[in-house]
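The values are calculated or read from the model by the stated rules, or taken from the named source; none is laboratory data. Everything numeric here is computed off the predicted structure, so don't read it as measured data. Cβ sites come from the backbone with ideal geometry, for glycine too, and all protein chains shown count toward neighbours. Just the protein is used for accessible areas: all its heavy atoms, side chains included, with ligands, DNA and RNA removed. Shrake-Rupley method; radii C 1.70, N 1.55, O 1.52, S 1.80 Å.
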Amino acid sequence: MFPETIETDRLRLEAADPETVDVLEFYEICSSDPGIDEVTEYVTWEPHSTPKETVDFLERVDEGREENERASYMVYPREGEEGAGEIAGMAGFGVDWDRRTMTLGTWLRKRFWGRGYSGERAAAFMAVAFDRLDLDCVAVTADADNDRSNRAIEKYVEAHGGRREGLVRNFVVIDGEPEDCHRYTVSREEWEASESEVAVRTEG
């Protein structure tokens, strides 16, 4: 149901499959990549402590895909980009079929910050949500204290006609503590009216 690969102008997103991802390479990224503590400061997972933790993580991701509830993709810059072919991070979405809503998530290695990849990935996922899955809404949340992410999300959400809905209190637990999050949404109608021209190609 979900695409195996998604290509944008600068990125290739490949479904995170525990049989095709180099587990040890991914473990090194998730455990000790430069800046990993900053990367994981506002997300619900901590740096991995063993390769087994990375394997378990990838297997959970695969289970969600098989159940048509969520999909996660390895993010690779395409040819012409600095670091082309390297794992730049991970991006994914969950689908609430009853509410006809896709919720986005992503993280990038620190060396790939500031390139606009998050917005490009979001535009691709919106195309999947509205064109392929016939959903009505795309939502994104970010920790209220994560200024960098909130600025980036607000920029690409507004570019596609959406808006910040407001603050959701105690929405997510990070390091054992409940944290407030800002929630942003883009509706199908808003997305169509924005007349996005981002080139997106999907396979599978």
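For this structure, a couple of remarks:
- Selected residue (criterion: most open to solvent (accessible area, probe 1.4 Å)) from residues of region 80-99 that are of a type outside the set (Gly, Ala, Ser) and within 21 Å of Cys181 (Cα to Cα): Arg99
- Looking only at region 153-168, and only at residues there that are part of a helix (DSSP H, G or I) and acidic (Asp, Glu), the one that is most open to solvent (accessible area, probe 1.4 Å): Glu158
- Region 186-202: number of residues that are surrounded by fewer than 16 Cβ atoms within 10 Å (Cβ to Cβ) and modelled with pLDDT of 70 or more: 3
- Taken over region 1-59, the criterion of being of a type in the set (S, T, N, Q), in a helix (DSSP H, G or I) and out of contact with any His (no Cβ under 8 Å at 6 or more places or on another chain) is satisfied by Ser32 alone.
- Of all residues making up region 169-185, the number that are in contact (Cβ under 8 Å) with a residue 60 or more places away in the chain and surrounded by fewer than 16 Cβ atoms within 10 Å (Cβ to Cβ): 2
- Val172 being aliphatic (A, V, I, L, M), part of a strand (DSSP E or B) and either closer than 16 Å to Arg10 by Cα or at pLDDT 95 or above (or both): no
- Filtered residues of region 80-122 (kept if part of a helix (DSSP H, G or I), without any contact (Cβ under 8 Å) to a residue 60 or more places away in the chain and touching a strand residue (DSSP E or B) at 6+ places or on another chain (Cβ under 7 Å)): Phe112, Ser118, Ala122
- Residue match in region 63-79 (condition: farther than 27 Å from Ala139 by Cβ, open to solvent by less than 20 Å² (accessible area, probe 1.4 Å) and not polar (S, T, N, Q)): no
- Some residue of region 11-32 being within 24 Å of Asp143 (Cα to Cα), open to solvent by less than 70 Å² (accessible area, probe 1.4 Å) and at pLDDT below 95: no
- Some residue of region 129-152 being within 20 Å of Thr106 (Cβ to Cβ), basic (Lys, Arg), open to solvent by 40 Å² or more (accessible area, probe 1.4 Å) and within 16 Å of the chain's Cα centre (by Cα): yes
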